[in-house]
Every structure is written in C-alpha cells, then in structure tokens.
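The values are calculated or read from the model by the stated rules, or taken from the named source; none is laboratory data. Predicted model, so just to flag it, every value in this text is computed and none were measured. Glycine also receives a Cβ, built like all others from the backbone with ideal geometry; neighbour counts cover every protein chain displayed. Ligands, DNA and RNA are stripped out before the accessible areas are found, and what is left, the full protein with its side chains, is counted by its heavy atoms. Shrake-Rupley method; radii C 1.70, N 1.55, O 1.52, S 1.80 Å.
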Amino acid sequence: SYFEGKMASPAATVSCTCKHFLVCQHMSRENVAQALVLEDDMILYRNWDKVFPLIVAEIAQRSLNGYIISLEDSSLKYPPASVRKSGQLIYRAIAGRTTGAYLIDLKAARSTLEYLTTSKCDRPIGLFQNKISREGHFNFFWAHPPITVQGTAVGQFDTMISGKSKGVLRRMKFLIARLYKQALAQTR
C-alpha cells in the first residue's frame with residue numbers, strides 16, 4: 001500500500017525501503033521519541049563509543065526536532081571545513097548521505113507516514129527521504145566525524161542491491177576515495 005511504479009514490485013530495494021517504513025510505524029504506534037536505525041551490514045568505527053553519546057547530548061542541548069541525522073561514512077560526503085565548529089558534531093544538510101545508519105525522531109517518523117497517506121513511494125528509501133525532506137517534512141543533518149560505515153560500501157560484504165561483491169580491491173578503492181574526499185572537504 002505504500003508503493004507505486006517500479007517500487008510496487010518485489011525487489012531488494014523495495015524490501016529495504018519497507019523496513020525503514022516499518023521503523024516509522026513502530027515509532028508512531030509506540031510513541032518512541034527517537035530511534036537508531038542500523039542496516040544489517042553496518043560496521044561501527046572505533047570512535048562509536050565516544051562520539052555517539054555526544055551526538056545524543058548535542059541533539060538535546062540544541063533542542064533539535066523533526067530530524068534524520070546520518071551517522072555514516074558510506075557515501076564519502078562530509079561537511080565542508082568552513083562550516084565545522086569545535087565541539088559541534090551535527091551539521092545541517094540538504095540531503096541524506098545513505099540510509100545504513102541514522103537517528104530519526106518521532107516527528108520525522110510521523111511526517112514520513114503522513115506523507116505516505118497522500119503520496120506513494122516511487123523510489124528507494126534514501127531518495128524518498130531526500131524528496132520529502134526537500135518539501136519541508138523534516139530536516140537532514142550529518143554527524144561529523146562519521147561513526148559507522150556500510151560493510152558493503154567498503155567491500156567487506158557482498159551486496160544484493162548493487163551487485164558488487166566483496167574483496168580487497170573494493171576495500172582499497174574505498175580507502176583511497178575516503179582519503180581524497182576528506183582532504184577535499186578540508187579545502188572547502
């Protein structure tokens with residue numbers, strides 16, 4: 001009932017998207033204030049234990065409401081150095097990074113479900129979230145530094161969605177690309 005077009009047929013992307021909607025349903029039904037969404041291939045960086053509690057504290061300190069906060073490094077997107085501030089971990093973004101690891105609050109979850117009552121989903125979850133965020137239903141933020149990465153992105157696991165297989169070459173490509181993108185973000 002949530003899907004239309006190519007997303008109305010059984011596929012790995014539809015299954016993944018549906019699970020994100022089920023999180024929103026559970027949050028709304030049980031009045032869950034905030035949820036951590038982790039897809040099954042996430043790898044926690046060593047800084048997880050230190051940085052995650054600080055992110056949660058910053059959300060409360062800044063009284064953020066109606067948000068999805070990307071926690072991951074998989075898309076190699078970073079806030080430019082020109083906007084980063086000492087002691088700040090959460091930065092406003094115009095779109096999500098990927099949907100493997102994020103914090104979502106109840107307002108964003110309910111906004112997603114409300115949107116689905118009038119418009120069906122016609123694209124994978126990340127693109128769908130970007131669309132409804134651009135329409136003002138919730139705000140995106142990026143955590144920096146990132147604290148997770150998708151195992152499929154770094155070549156540690158095979159992926160059914162993109163068809164890429166795991167391997168040392170994929171890991172090396174990711175690490176080189178990450179170094180380049182991090183350096184590039186430092187110049188902006």
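Test of understanding: what is the full-extension gain from Ser86 to Asn47, defined as 0.36 nm times their sequence separation minus their Cα-Cα distance?
12.4 nm
Which FRET efficiency value, to the nearest 0.05, is calculated for Asn65 and Thr187 with the Förster distance at 41 angstrom and r the Cβ-Cβ distance?
0.80
Please give me the summed charge of the neighbours of Leu54: other residues whose Cβ is under 15 Å from its Cβ, Lys and Arg +1, Asp and Glu -1.
+3
Tell me the per residue accessible area of the chain using a 1.4 Å probe; a whole number in Å² is fine.
I get 54 Å² per residue for the chain.
Calculated from DSSP H runs of 4 or more alone, at -39500 (n - 2.57) each and per residue, what is the 222 nm mean residue ellipticity of the chain, nearest 500?
It comes out at -13500 deg cm²/dmol, rounded to the nearest 500.
Of the listed pairs Lys85/Lys120; Lys6/Lys50; Lys50/Lys77, which have alpha-carbon separations greater than 32 Å here?
Lys85/Lys120; Lys6/Lys50
Under 5 Å between amide hydrogens, which residues at least 5 positions from Asn139 or on another chain qualify, with H placed 1.01 Å from N in the peptide plane?
Tyr67, Ile68
Once you charge only the Cβ atoms, +1 for Lys and Arg and -1 for Asp and Glu, what is the size of the charge dipole of the chain about its Cα centre, to the nearest 20 debye?
I would put it at about 700 debye.
Return P(r) of region 1-72 (all Cα-Cα pairs; 5 Å bins starting at 0; whole %; ordered from short to long distances).
Each 5 Å bin holds this share of Cα pairs: 3, 11, 19, 19, 19, 15, 7, 6, 1.
Within region 60-152, what whole-number % of the accessible surface is contributed by carbon and sulfur, with the 1.4 Å probe and all protein chains included in the calculation?
51 percent
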